[in-house]
Structures are given as structure tokens and as C-alpha cells.
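Shown next, in C-alpha cells, is the structure this report addresses.
The values are calculated or read from the model by the stated rules, or taken from the named source; none is laboratory data. Model, not experiment: these values are computed from the prediction. Ideal geometry is used to build each Cβ from the backbone, glycine not excepted, and the neighbour counts take in all protein chains shown. Quick note on the areas: whole protein, heavy atoms, side chains included, nothing else; ligands and nucleic acids left out. Shrake-Rupley method; radii C 1.70, N 1.55, O 1.52, S 1.80 Å.
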Amino acid sequence: MPADAAARISALRQSIAEHNRRYYLEDSPSISDAEFDALFAELQRLEEQHPQLRTADSPTQRVGAPPAHAFAPLAHRVPMLSLNNAFDEDEVRAFDRRARDKLDVDQITYFCEPKFDGLAINLVYENGWFKRGATRGDGYRGEDVSANLRTIRTLPLKLAAAPNLAPNLLEVRGEVLMLKKDFAALNRRHQENEGRAFVNARNAAAGALRQLDPKLTAARPLTFFAYGIGAAEGIGLPTTQCALLDLLASMQFPVAAQRERVVGVDSLLAYHSKMAAQRAELPFDIDGVVYKINDFAQQQALGYVSRAPRFAVAHKYPAEQAITKVLDIVVQVGRTGTLTPVAKLHPVFVGGVTVTKATLHNEDEVRRKDVRPGDTVIVRRAGDVIPEVVSVDITKRQDGREFVMPAACPVCGSKVERIAGEAASRCSGNLVCPAQRKQAILHFASRRAMDIEGLGEKLVDQLVATGAVKTPADLYALNMATLIALDRMAEKSAQNLIDAVGKSKTPSLPRFFHALGIFGVGEEVARILAQYFGNVDAFLAADWETLIEEKKAIQKENTKRTKSGAEKLPVPLPGVGKEIVESIGAFLSQAANREVITQLRDRGVRIDAHSSGRISQSEQALAGTTFVLTGTLPTLTREDVKARIIAAGGKVAGSVSHKTNFVVAGADAGSKLDLARELEVPILDEDTLLKIIGGEQSA
């Protein structure tokens, strides 16, 4: 078995490395995220079973270091110098002329590459293994961010083997950045969860790399591109920049595919123009291009001036900023209810487009920049990032009135809430606000909420546009005539949707709470609410302000009990913080939201609830029991089973181990079932599990 496991582990590592390369470097993934996650999970499981086969360069070892208290300084053996900038053709021609005069040649061969808009990094490899890495810092000393660098999938932890290459020491220089597609996906998640977006990919990447906890860095999709070498011992290096990049590529470092070797200054300018034309289509952000004399001997002959080399220059693109006036500040309500102040601008051409408005992000940002109607401001736009106000010219201010966030939603009139600890303000009319209507309905119908099959985005667009659906409750009043009148909706499709809506009328309590779309109430919080309240009526009757005070008092008492060794008191809604409790309270304080819940029940939605109210620990049949699910069950979805287990006090894990109490198996069960048999973990079918939850059998 160990030999088979070793072979499979080796194959998985190679496969994962190849898929990382395809995703990050070629922008052409060959498998889905789910398939990649399955490969990664299998490798994790095999390494847990055979720890002697785990190696430091395994993809599973990218995260694991404890959070740092601060970043220690780390010296660079060879200084990381900055480049001088050129902003126009004349400056580039002057750079070329000085180099030719100094070298006494008619033409120079150059190496050209994009200037990444990221964070400069120095990586140190000893005997082929990554040991540490640091930011550029002041050029001589940077911050030691080694633990965070290990989380970057494109950064080799071990140098690829190559003939006659066994460096005792190698400093590899490059840039940490975030690909455009990964930044867009991160911003969507951040907007949904935090109510605000990152300004640009560079800021997001820099912030991720300087997280004290590597697990937080790992959650950000960073990548790395190499472009040079610092110190090197025990390795023969090439004689040109082009050959050096080829060497780095052979060692499995990502390098820019857009690099070129050209001759003469006219070719430099042509490269600059070509990259400018391709800039919007590149997978990463650039703010210019870099020209380096290709021959290392010529580089050495030219040397350095101050803290920059004479043999290289960065040819920057024009700054994507402009000056204009703020005509007014209005408030927009996003699809998740977030209120965003937006500056209406006198039209100005910036970043390749005419800009008429710019985001001010949130109330705190307006206060920090002190933006007012009538102000003269600098506006920035980079790539596809929403234009933003960078700063205000206070010297040109006249009588601009200070901005005040409205107390009521400008769309539906519901109360605006500023949750403690949050920068964003939100409309509390989740279920009734027209601005949130489409998102509220899509979320309500989603697979992990009410699971209304066939109710997709295009259909919801039509239902909302025609006024047939204004709240989730209206879904349960849809009829055949209304649906057939919609575009591309035949009788069979209409009947299928009506059947799917009817099928959704008996959700579990956690699903129902999750479906309401309350800010902060995801699946896990919904399960905690279901465990605590037991039914909808108890949830609606709760005094949320009193509950916050009760939690606070019990937590304070438990602190004392911990010191004295006494048994702790049970905390209401364990794991649900004050901010989320306040969010729930704000949601339920709106009569319109409560009315929608009443309408849902009046229209036949019957929630699978515990009639006895709150569930005590003693009533939970599966308390302290860990389950693993595998295969397809006869009647229940995996989400339903998971919700029922958790509601009964049990836990659901993703992989089988010696700590697993039961494996629940259905049709087409995979390797988890085989491992359960190997470890002699009891195996249950759906019927037996339901009997245990119902108390008919003992767990």
C-alpha cells in the first residue's frame, strides 16, 4: 500500500502543479475548480494517512505557519535598486544615446518586458530549496514575508532539476501580483461579504502579502513572475538577459510571455506601442514597459548612478488621472442593499473613456477625503476599475455642503443601518427593496436556500421586469397564465417551474433562515439560529437587544469561571457575533420584511421546525458525533442531510479519519467509503441515519 500511495501522491503533485501552471500562467484551465479541489483533497487525505510521504515542496504545505506578530527585517545580499523612468519618446532616445556613447557602439541589443504593477520581491533559495523571501523595502532591507510567500502556488518551493544546476544560493527577483480575472472574482466576493471593493489589484496584492496570518494570504489569489537574479553562488549564469529569463523559466519560475529581444531605439518605441495596444487584454495590470541592455558585460560597463542602473529604464504609460468638478453626490443602492455615495462629475476624459461619475466607496471614505459638491477633484481610472476620487483641491473650494448619509433608503424608504465594525451602510428592507429585488429572489431560490430548480437569472429578470414578482412570497402565487406570457416559456417549462416552486414549500429551518438573505447570515449562522430558536415564531419573537446584552453578560461571567476553573455557562447563539445579531435585529425591525415572512407562510410554505422551541443540548440526538457524507442518497440532498445532522447536534467533516464516528453512504460512493471500511468506521444508509436522528436508534 505505501508504494501505491507514493505513486499516487507523486502523480497528484505533478497534476496539481500542471493545473496551477495552466490556470495562472497560460490562462487556459483544463479542469473545473471543483475537479481541482477534488485532486487537492485527495492529496491531503493521502498525506494524512502516510505522513512519512509528505514533503516540504508538496502543494499541501503552502499554508501552515502560525500568524506573525510583526515582520522582521531581512537584508538583501545584492541591493534591489529602482529604475529611472522615461515618460516620452525624447527621454527614451536620450537613454539610448547615453548608453551608445558610453559603450562606443552604433546600436544596442535590448531586452524588453512588461512592467508589472505589483510588489517587488526577493526570494532566497539555498541548495535548491526556498528558504525565505522579503519585500524590496528600502532596497537594502525588506520585510520578511516568507510564510506568506509560501502560499503562492506559482512560486516554486523547490527548484526544478536541470543539468549542471545545483546552486548553493540563488536570489530570484520578481513581482507578486494578482491576475485581472482573480482580482475581479475577489472583488465580487468582497463586495458581497464586506460591502466594499478593493481599489485596484496592486493594493489587494500588497495587502494580502502583508497579512500577519498566512491563511488570510492563502485566501487571496496571488501569483508571481520572475524577472531577474540577485546573488548567486555555485551556479554558472548566462551572459544575456534573454538567456537568464529562459533559465528562470526552465527552473519553473513564471516569466512574462510578452518578453522580446530587439535592436535599436526605434524597436524599443515600437514595443512600447505594441504593449500599449495589448494592455487591456493582458491577464495582469502593467504601468509601463522595461528596457534592459541585453548583454551583461555591457551592463557591467555602464554601471549605476545613485540607486538606479544606467543600463535599464522604465518607459511609463501616462497616468490615468484627470482633474474635474463634483456636480453633486448621490447615493446608489446595490443589489445586496449596500449604500454607496457616488460623485456626479463634470465629464472628463481619463483612462481612455469619458467619466461622468466616480465612486466614493462609503461614508467613512467621504469623510476622510472630505469630498463636497462643487469641489475640484483628481479622478483616477485604471483598466476596468470603477473611477474613483483620489483627492480634493481644498484651495479651490467655495461653499460646498458636507455630505450626510441618508437615514432612509432612497429607493424603498426602509431604515438605513450602519452595522458596528462595518464601513458600509445598508438598507434593511432586504425582501422588499426594489434595488435588491432581483438579488433577493435569486438568493432565495438558490440551491443552498429554497432550491427552486429552473429559476435562473434570465427568468428572474423577466418576472421582476413585468412586475409579476416583487418579493419572494410572490413566487408562490405564480400561475400558468403569468408564466406562459413570458418570453421563451412554453407550457411544459411553466409547469416544471410551478412544480419546483411547490416542491420548495417544505424547507428545513436552516435553509429558510439562510434564504431570507439577512446580511451576515450564511449557512452556518442559519444552522445556529435554527438550533437555538427551533421554529420561526420564536425567531420572530426574539428581543435582539436583550439577547446582545445577555451574550455579553454570560461571556463576561465565563471569563471569570475560566480563571476559577468553574464550569462555563452556555452562551446564546454561540459563534454569532454582535454585528450579525444587530443585522438580524435591523432586518426584523422592518414591518415589510416580517410581512413577507407572513405571506410565505400564508401561501403554503411550511418550515420543518421543532415545535418545542429551543433545542437543549440533551435533546440533540447526535451531540458530539462526527459524520462524513459520500455518494448520492435516495431522497435527500447532501445539504439537507448536513442541515439535519447539525440541527441534531452532530458535526459533518469533509474527510474520513480515526475521529469519524459514522460515514453516511449513498449510490456511487467513492474513496471515502473505501477508507471507512479500511478504518472500520460504521457505515449508515439514509434510512438508518433518519431513525437515529428521530431517536429510534442510538448513535
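Scan the stretch 427-458 for residues that are assigned to a helix (DSSP H, G or I), more than 22 Å from Ala586 (Cα to Cα) and open to solvent by 40 Å² or more (accessible area, probe 1.4 Å) and the total you get is 2. Out of the residues in the stretch 632-651 that are open to solvent by less than 60 Å² (accessible area, probe 1.4 Å) and not in a helix (DSSP H, G or I), state the one that is modelled with the highest pLDDT. Restricting to residues being open to solvent by less than 60 Å² (accessible area, probe 1.4 Å) and not in a helix (DSSP H, G or I), the top hit is Leu633. Considered as a group, the residues in the stretch 440-490 that are touching a helix residue (DSSP H, G or I) at 6+ places or on another chain (Cβ under 7 Å) and basic (Lys, Arg) include one that is modelled with the highest pLDDT, and that residue is Lys470. Listed here are the strands (runs of 3 or more DSSP E) enclosed by the stretch 68-173 that have at least 1 residues being under 34 Å from the mean Cα position of the chain (by Cα) and β-branched (Val, Ile, Thr): 119-126, 129-135.
With respect to the conditions (1) β-branched (Val, Ile, Thr); (2) open to solvent by 50 Å² or more (accessible area, probe 1.4 Å); (3) without any contact (Cβ under 8 Å) to a residue 60 or more places away in the chain, Val355 falls short on a single one, namely (2). Among the residues of this structure, Ala231 does not count as one that is modelled with pLDDT of 95 or more, closer than 29 Å to Tyr140 by Cα and surrounded by fewer than 17 Cβ atoms within 10 Å (Cβ to Cβ). Whenever a residue of the stretch 393-409 is touching a residue at least 24 places away in the same chain (Cβ under 8 Å), its partners that are of a type in the set (Asp, Glu) and open to solvent by less than 90 Å² (accessible area, probe 1.4 Å), lying with C-beta atoms within less than 6 angstrom and at least six residues away or across chains, give the pairs Arg397/Asp375; Gly400/Asp375; Met405/Glu363.
Out of all the residues in the stretch 234-256, is one or more small (Gly, Ala, Ser) and either under 20 Å from Gly142 (Cβ atoms) or under 14 Å from the mean Cα position of the chain (by Cα) (or both)? Within the stretch 234-256, not a single residue is small (Gly, Ala, Ser) and either under 20 Å from Gly142 (Cβ atoms) or under 14 Å from the mean Cα position of the chain (by Cα) (or both). Assess whether Ala120 counts as being farther than 19 Å from Pro254 by Cβ and surrounded by 14 or more Cβ atoms within 10 Å (Cβ to Cβ). When the stated conditions are applied, Ala120 does not pass them. If you check Ala231, Ala256 for being in contact (Cβ under 8 Å) with a residue 12 or more places away in the chain and either polar (S, T, N, Q) or touching a His at 6+ places or on another chain (Cβ under 9 Å) (or both), only one passes: Ala231. Annotation note: of Lys578, Lys556, Lys568, Lys563, the sole residue that is more than 21 Å from Gly337 (Cβ to Cβ), basic (Lys, Arg) and touching a helix residue (DSSP H, G or I) at 6+ places or on another chain (Cβ under 7 Å) is Lys568.
The test for being modelled with pLDDT of 85 or more, closer than 13 Å to Arg45 by Cβ, in contact with a helix residue (DSSP H, G or I) (Cβ under 9 Å, 6 or more places away or on another chain) and open to solvent by less than 50 Å² (accessible area, probe 1.4 Å) does not hold for Leu684. Per the listing Leu486, Leu463, the residue uniquely part of a helix (DSSP H, G or I) and either open to solvent by 40 Å² or more (accessible area, probe 1.4 Å) or not acidic (Asp, Glu) (or both) is Leu463.
Restricting attention to the stretch 644-664, the residues that are closer than 21 Å to Glu680 by Cα and among the basic types (Lys, Arg) total 2. Would you please name the residue that is modelled with the lowest pLDDT, looking only at residues in the stretch 24-37 that are part of a helix (DSSP H, G or I) and open to solvent by less than 60 Å² (accessible area, probe 1.4 Å)? The selected residue is Tyr24. Of the helices (runs of 4 or more DSSP H) entirely within the stretch 239-316, those holding at least 3 residues that are open to solvent by 20 Å² or more (accessible area, probe 1.4 Å) and under 28 Å from Lys158 (Cβ atoms) occupy 241-250. Consider the stretch 263-311 and keep the residues that are of a type in the set (Asp, Glu) and farther than 12 Å from Ala99 by Cβ. The one that is modelled with the highest pLDDT is Asp266. Among residues belonging to the stretch 616-631 that are at pLDDT below 85 and over 12 Å from Ile693 (Cβ atoms), point out the one that is least open to solvent (accessible area, probe 1.4 Å). Among those that are at pLDDT below 85 and over 12 Å from Ile693 (Cβ atoms), it is Ser616. I'm trying to understand the selection: among the residues of the stretch 317-348, which are among the hydrophobic types (A, V, I, L, M, F, W, C), within 30 Å of Ala94 (Cα to Cα) and part of a strand (DSSP E or B)? Across the stretch 317-348, the qualifying residue is only Ala322. Exactly one residue out of Gly695, Gly654 is modelled with pLDDT under 90 and in contact with a strand residue (DSSP E or B) (Cβ under 9 Å, 6 or more places away or on another chain): that is Gly654.
Annotation note: of Glu545, Glu524, Glu557, Glu595, the sole residue that is more than 21 Å from Asn430 (Cα to Cα) and among the acidic types (Asp, Glu) is Glu557. Selection of the stretch 489-505 for residues being closer than 19 Å to Leu600 by Cβ and open to solvent by 30 Å² or more (accessible area, probe 1.4 Å) yields Ile498, Asp499, Gly502, Lys503, Lys505.
Only one of the listed residues (Ser425, Ser414) is in contact (Cβ under 8 Å) with a residue 24 or more places away in the chain and in contact with a Cys (Cβ under 8 Å, 6 or more places away or on another chain). That residue is Ser414.
Restricted to the stretch 536-551, and to residues there that are without any contact (Cβ under 8 Å) to a residue 12 or more places away in the chain and not aliphatic (A, V, I, L, M), the residue that is farthest from Val571 (Cα to Cα) is Asp537.
For the stretch 511-535, the set of residues classified as open to solvent by 10 Å² or more (accessible area, probe 1.4 Å), under 31 Å from the mean Cα position of the chain (by Cα) and over 19 Å from Gly575 (Cβ atoms) consists of Gly517 only. Ser508 satisfies every condition listed in (1) touching a strand residue (DSSP E or B) at 6+ places or on another chain (Cβ under 7 Å); (2) within 14 Å of Val605 (Cβ to Cβ); (3) open to solvent by 30 Å² or more (accessible area, probe 1.4 Å); (4) not charged (D, E, K, R) except (3). Which one is surrounded by the most Cβ atoms within 10 Å (Cβ to Cβ) among residues in the stretch 59-83 that are at pLDDT 80 or above and not hydrophobic (A, V, I, L, M, F, W, C)? Only one residue fits best here, namely His76.
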